[in-house]
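Down below is the structure, laid out as structure tokens.
Read the figures in this text as sums done on the coordinates, not as results from a lab. Source: prediction; values computed, not measured. For neighbour counting, all protein chains shown are included, and Cβ atoms are generated from backbone atoms with ideal geometry for every residue, glycine included.
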Amino acid sequence: DGSFCYSIPLHTSQSRKIDFSPNHREWCGDAFEYSAPKDTQIVNVDLGDGHCRGIKTAPLACSAATRKELQDTLASSIFDGIWSSLMAVAAHDGSGDKAKTVRQLAGTFKKQDLPCFKQPASPPKKEKEEKREKSKEKERDPEKEKEKERKEKSKEKEKEKETEGKEEKEEKQEKKDKKEKKEKDKETGKETETDKSASKSPKEMLTRLLRAATEEAEKLRQNDISGNVKARHALDVCKRLTDTLGEDEVLAKSEEAQDAIIPVTQILTTIAELCHPSAAMVKSSVARICAGKGWALHGLCFELQDGRRLGRFLQNNGSDMDLPNDAGLVDRGGEWFKLGDGDYITKVSGHNNKNGYLCYDIKLHTINSHSLHISPDHYSWCGDAFEFTAPPHTQVVNVLFENGCCTGIETQPVQDSWSAEDREALQQTFASKKFDSLWENLMLVACRDEIGAKAKYVYHVACNMKKQHLSCFEKLASNMKETHRAPSFWDDSILESVKIEEGHRITTDNGRVLFSERALSKQELQLMQALVDKSFVRRYTRDRRGESVPTSLALVSGFHIQNLNCWSDFVTRNDEIKAKAAGKGSEWRLDRLLTRGVLQEDERYRLDAESNTEWLWHGTNTAAARMIVRGDFRMDKAGSNAGTLFGKGLYFAESCSKSDEYSKEDDKGLRCLLLCRVTLGNVKYCDERNPNPDELVRSCLDGSNHSILGDREKVHNTFREFIVYDDDQAYAEYVLFYNRVYK
């Protein structure tokens, strides 16, 4: 049915296979196969009108025949004179490095039979004489040699002490300079500003330390931290600041104390990254990318780590938009994409546009072999291809366009990594008990945050750095549970701060969520199996795409999900719907549901009847399930599996066999189901054979309804489906892995 072709596997010279194959088998046509001639490689595939018409090839850099001819020439006896002379010269290499290299190279070309190869390398005459003199001296005066060794060891120890105490010496020198300046000022009747502030008020001292911490945080943000000493100095500034807060309860409650939370946590998180053994400390200058497309690419914005934005977004009239205006970018169709940790853009490619704007399409390639392709569907506007690659050790931070053409790229250097020694030394400092008081005082201040945003930030950082054992953590965790209204049966001790999956709309101060997954016990898994058995209905629908219906589903394992941020959003939306019910929410309850009557009536499984919340199934693949539980459902992916018969929303089912239709086997041969709490609210019933999706969506977003019940059981004798159009109305609480059973 048109397009390029149905599927295309690419075979490489190293027996790798890259297979691009869809699942819509009805469109599969005749097979094709093209191979590159000997000593050539495929550089393009000619596709069009649903057919592969051939391939374009280019010669390899050096053919097999050319390589063999060159090898034979180098190995021939014609060049033996060169090798003999080269090895004779290398034999007199005093350091031995060049001689070693030449011998290895000669061995590679099978020149071991030459006389010079067997001749041992002999040091020059002068060096021999020096060695003889030293040997005689050693024989004459062995004590002198021992003394020399003692001096060398002493120097090494002094060097170690100098490295370890460098920072202490700097501090002592700083104190000495201040003391001398103070004495000098006293003689002239003056007093330094620092002394004035120190003598006047502890609050002014706090302000000075806060300023110092902010400066250190700014240095870290700008990657101005080239060595271990600077990092340790930043840590010491944090400790002095938090110790000051810990010693003075009045100060700890002050506005300045709250202001200290952000720079201190920024320093701590950056240093934790530096300490991490897997951190190559290659940091992208680009934090995220916003792209907008219509019939062509009309917007591309790069947001850098420091908050600056580069790029262009064009209005329909060709005028440039204001890049800092988030609402304007979104209205223009802009969609944000995040780069992963340690990932950065190395190459851009695509096609120019025949009718202005920026270009037709663009593909951004990263160092970790990921790619982001922004491509419209209006093929007639597609122009010539372009490609720009960043030089080695640099990254792309902007793409330049002019009159529908890509004209170049802007690059910046990539930050180099720290040495293993630096990281190890910093790890020891960072993990030492003397910094526990820093954490205690920081969490103590965070507990007094009335709004809760900074407390949440500190809680994230403390979880991420495994500081749950400290006494103040329990109090902070309790505050957090109250703020997020987490269930009392949740286990706070296993919550960890994890990175939000790319593309999700959840935003937090540090781009992370508090998350944990707990393996289900044997009893819990048996209970879930009972729910699966009760809600299983053996019935075929076209969504199975020719696959036979299993007899049953057998659970293998499962996890209970704790995602504090998603739960908070779910509870907030639940309360909004409950408020609209005005005490009549029980009237919204459905008469029957396959998922009722199995889960025990205790706190873990209790549902909110006032908001008409129910347990419902959602089928997906393992990778998508991981993204959902760590980052919430994505409305931009809504209907990608189930279709959009009832509009672009989140689709759920009361029968697990319906959700099983959208599952896929993972590399372990298992399939995945999500059991979700879904707030249905006021349900709109729909039994139309061809419903109007726009009207259904409007009834929930602008009307009095909150969800749709699509009764395909009545229309086609298949299943009832439940659709919500707000991702905060669903919380994925259980991930269940299973096998299909056929009898």
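Points to keep in mind about this one:
- Whole-Hz ³J(HN,Hα) from phi, Karplus 6.51 cos²θ - 1.76 cosθ + 1.60, for region 371-386, glycine and proline x: 8, 10, 10, 9, 9, x, 10, 8, 4, 5, 8, 5, x, 5, 7, 9
- For the cross-link pairs K522/K684; K580/K664; K475/K584; K467/K522; K338/K648, the ones whose C-alpha atoms lie over 29 Å apart are K522/K684; K580/K664; K475/K584; K467/K522.
- Structural descriptor for region 294-383: relative contact order 29 percent, calculated from alpha carbon pairs under 8 angstrom and at least 6 residues apart.
- In this structure, K363 and A58 have a Cβ-Cβ separation that, at R0 = 30 Å, corresponds to a calculated FRET efficiency of about 0.90.
- Database remark: amide H of T346 closer than 5 angstrom to the amide H of H365, T366, I367, V396 (H placed geometrically; neighbours at sequence offset of 5 or more, or on other chains; Pro and chain starts carry no H).
- Low-density loop cleavage sites - chymotrypsin sites (Phe, Trp or Tyr not before Pro) in region 5-41, where at most 14 other Cβ are within 10 Å (DSSP): F32, Y34
- Residues whose amide H lies under 5 Å from that of E410, counting only those 5 or more places away or on a different chain, are V397, N398, V399, L400; hydrogens are built 1.01 Å from N in the peptide plane.
- The gain in end-to-end length when the A519 to S380 segment is fully stretched comes to 44.8 nm, 0.36 nm per residue minus the alpha carbon separation.
- Computed packing ranks the peptides 720-733, 287-300 as 720-733, 287-300, most packed first, by mean other Cβ atoms within 10 Å.
- Translational diffusion of region 658-743 was estimated from the Stokes-Einstein equation, with Rh taken as the Kirkwood radius over Cα pairs; at 10 °C and 1.306 mPa s the coefficient is 107 µm²/s.
- Each 10 Å bin from zero up to the one holding the largest Cα-Cα distance in region 515-572 carries the following percent of pairs: 19, 30, 31, 20, 0.
- Projected-area average for region 507-627 over all orientations - Cα convex hull basis, square nanometres: 10.4
- Cα-projected label distance for E387 with S13, points at 7 Å along beta-carbon direction, nm: 1.6
- Whole-percent P(r), region 320-414, all Cα pairs, 10 Å bins from 0: 15, 42, 37, 6.
- Whole-Hz Karplus values for region 6-11 come out as 7, 9, 8, x, 9, 9 Hz, taken residue by residue from phi with 6.51 cos²θ - 1.76 cosθ + 1.60 and θ = phi - 60°; glycine and proline positions read x.
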